[in-house]
Each structure stands twice: as structure tokens, then as C-alpha cells.
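Quick note: the coordinates plus some simple rules give every number you see, no bench work behind them. No experiment lies behind these values; they were computed from the predicted model shown. Cβ placement follows ideal geometry from the backbone for every residue including glycine, while neighbour counts extend to all protein chains displayed.
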Ligand SMILES: NC(=O)c1ccc[n+]([C@@H]2O[C@H](COP(=O)([O-])OP(=O)(O)OC[C@H]3O[C@@H](n4cnc5c(N)ncnc54)[C@H](OP(=O)(O)O)[C@@H]3O)[C@@H](O)[C@H]2O)c1
């Protein structure tokens, strides 16, 4: 992997940086940049890595991880393009920025990998999907996957599926928080103290997620196990079906994928 530069180390950049350090990556091989020099200096002091300007970092690193906001990507690539070597790997975490966009602005033949991460990476439970650009081979993909594995799980998808990934796992934590908020509110409506309701819901979510992961059973099977005929769960699920909650989830994620597609096509 060589020297890794994280260009635009904001929330997601620092998440990746701290994941790499926790997983044993040598701080001497990590470089960070930011628009504001004081932000890069703060990260360098906190994590023991080197802070540099974008150009210097592009020259020093073999793997360049671009973590600026999508609207800042054009400017960043313009700044570094003459300092990226043909053997370097460029990994982009920006939503909606295609490998073609980057390849057309970087020297010919530079390997590009596109990644859609998500915020549970903050607690090493991230879900990232990686897609290779035209010049990225299996080794490049493995380097990108290794970077992301430092803070969670990684799958490989064709780039045409990145809008769906954005809709499912990229935005996904927000839908889960939304459901959790509604369940906590329901507990309060039913008379539970808010902290008790919160504890019940968060641990139930954690327990259900752990059950799915550890048993490997389909969620339908697990749901049926808690749904006795004529019982309390069946009464609740009937209400969810009557309110078309399942259809609403599917429509919501279709809307997210369409929005992702529009943003990627510059129709933001
Ligand atoms: N957060 C998420 O949930 C999430 C999920 C999936 C994907 N992503 C992707 O991750 C990327 C970063 O998101 P974020 O939430 O980490 O944003 P963020 O906190 O705003 O971080 C972006 C950082 O880039 C810096 N920056 C901007 N232009 C720069 C330049 N030309 N050179 C160097 N640094 C520059 C910004 O500096 P200033 O602070 O000075 O502006 C900021 O520190 C986005 O492209 C987003 O699509 C984020």
C-alpha cells in the first residue's frame, strides 16, 4: 500500500485515518491534508501522522484517498493532477463522483477506485462498496478494500450499482435512526420514561442485528419466530402492512438512488 495520503480529512477522512491506525497501520506512512492548514495540523498532532499541502502529499504518496465533498472534487483533482504518477492508486470516497470523471482529469492510466462508505465506520462497523475504474486491476482493488476493511466490511460491486449502494448502505444508517426514533416515541406514548424507552429500543436493534449476523437466518424466519398466531406482534405487523410501510421503504430507497444518479449526472 506504501504511503497513504488522505486528501480532505474531514469527518470521513478522520474516520478512515483512525481506523487505519487502530488496525495497526504505521503512522509514519500516513499523510493528511485539509483546506485549512490548522485542521491538518490538529489531525497530525492528534494522530501522530504528517500534515502536508495537497501537491506535496500527492508527490509523497503511492495511494491517494480523496475525501472532499463532491463539489470540491474538481478543484482538488485540478490541483494535484500534474503530481500524480502513473503507478499511483487514486481512491475516491465522494458520493456521485464517477471513475470516468476522475480518469478524464488525471494522467492517462492512473488506477482509480470508487468507494461508497457509511458512517458506522466510526465504530469499526462500516459497510463500504468498492468499484474499479478502467485501469484498476485486482491488486488495486485489494489495496482499496484493505483500507476500508480497517473500519468495517467491504464488498465489490459494478460501478453501475453505486447509486443503489448509496441508497441502501450509504444513507441506510439514517433510515435505521428514523425507525429507532419512532419506536422510542411509541414507548413514551405508552408511558415509559424516555431513557428506558431508548435503552429498550437500542438494545433490541443491536440484538436483532446480532441475531441476523450470527444465525445467518433470513429475517423472514426470525420475524416469524416472534409472531405467534393472533398475538401482539401479529397485531403490530398488521398495522405496518395497513400503512404500507414496506412499500414506503422500497419507494424511499428508489428515491435515494434516483437522487444519487441525478447528483452524479450534475443535475443537483
Ligand atoms: N459522512 C458520510 O456519511 C459520508 C458517507 C458516504 C460518503 N461520504 C463522502 O465523504 C466525503 C467527505 O464527507 P465528510 O462528511 O467527511 O465531509 P467534511 O467533513 O466536510 O470533509 C471534507 C474535508 O475536505 C476539506 N477540503 C475541501 N476542499 C479541499 C481541498 N481542495 N483540499 C484539501 N481539503 C479540502 C474540507 O475542509 P474545510 O473544512 O476547510 O472545508 C473538509 O475538512 C464526501 O465526498 C461524501 O460524499 C460521506
- Please sort 52-62, 191-201, 3-13 by packing, taking for each peptide the average over its residues of neighbouring beta carbons within 10 angstrom, highest first. 3-13, 52-62, 191-201
- Message: Starting from the 7 Å offset along Cα-to-Cβ, what nm value, one decimal, do you get for the label separation of residue 28 and residue 188?
- Response: 5.3 nm
- Query: So if we plug the beta-carbon distance of residue 179 and residue 261 into 1/(1 + (r/R0)^6) with R0 = 25 Å, what FRET efficiency do we get, rounded to 0.05?
  - Reply: 0.50
- Two-decimal Rg/Rh of the chain from alpha-carbon positions, Kirkwood Rh? 1.04
- Message: Can you show me the helix-derived [θ] at 222 nm for the chain, built from DSSP H runs with n ≥ 4 at -39,500 (n - 2.57) apiece and divided by the number of residues, rounded to the nearest 500.
- Response: -16500 deg cm²/dmol
- Message: Compute the angle between helix 172-189 and the longest alpha-carbon principal axis of the chain, please, reported from 0 to 90 degrees and rounded to the nearest 10.
- Response: 30 degrees
- With axes computed from alpha carbons, what is the tilt in degrees of helix 232-242 against the longest principal axis of the chain, rounded to the nearest 10 within 0 to 90? 60 degrees
- Beyond 17 Å, what share of the Cα-Cα pairs of segment 1-104 remains, rounded to the nearest whole percent? 46 percent
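Could you give me D for segment 11-58, from Stokes-Einstein at 25 °C and 0.890 mPa s, where the hydrodynamic radius is the Kirkwood radius over C-alpha pairs? Units µm² s⁻¹, please.
The calculation lands on 230 µm²/s.
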- Message: Taking each pair of distinct Cα atoms in segment 134-175 once, what is the resulting Kirkwood hydrodynamic radius in Å?
- Response: 11.6 Å
- Rounded to 10°, Cα long-axis angle of helix 11-22 versus longest principal axis of the chain: 80 degrees
- Fully extended, how many nm does the chain gain between residue 124 and residue 11 (0.36 nm per residue separation, minus their Cα-Cα distance)? 39.3 nm
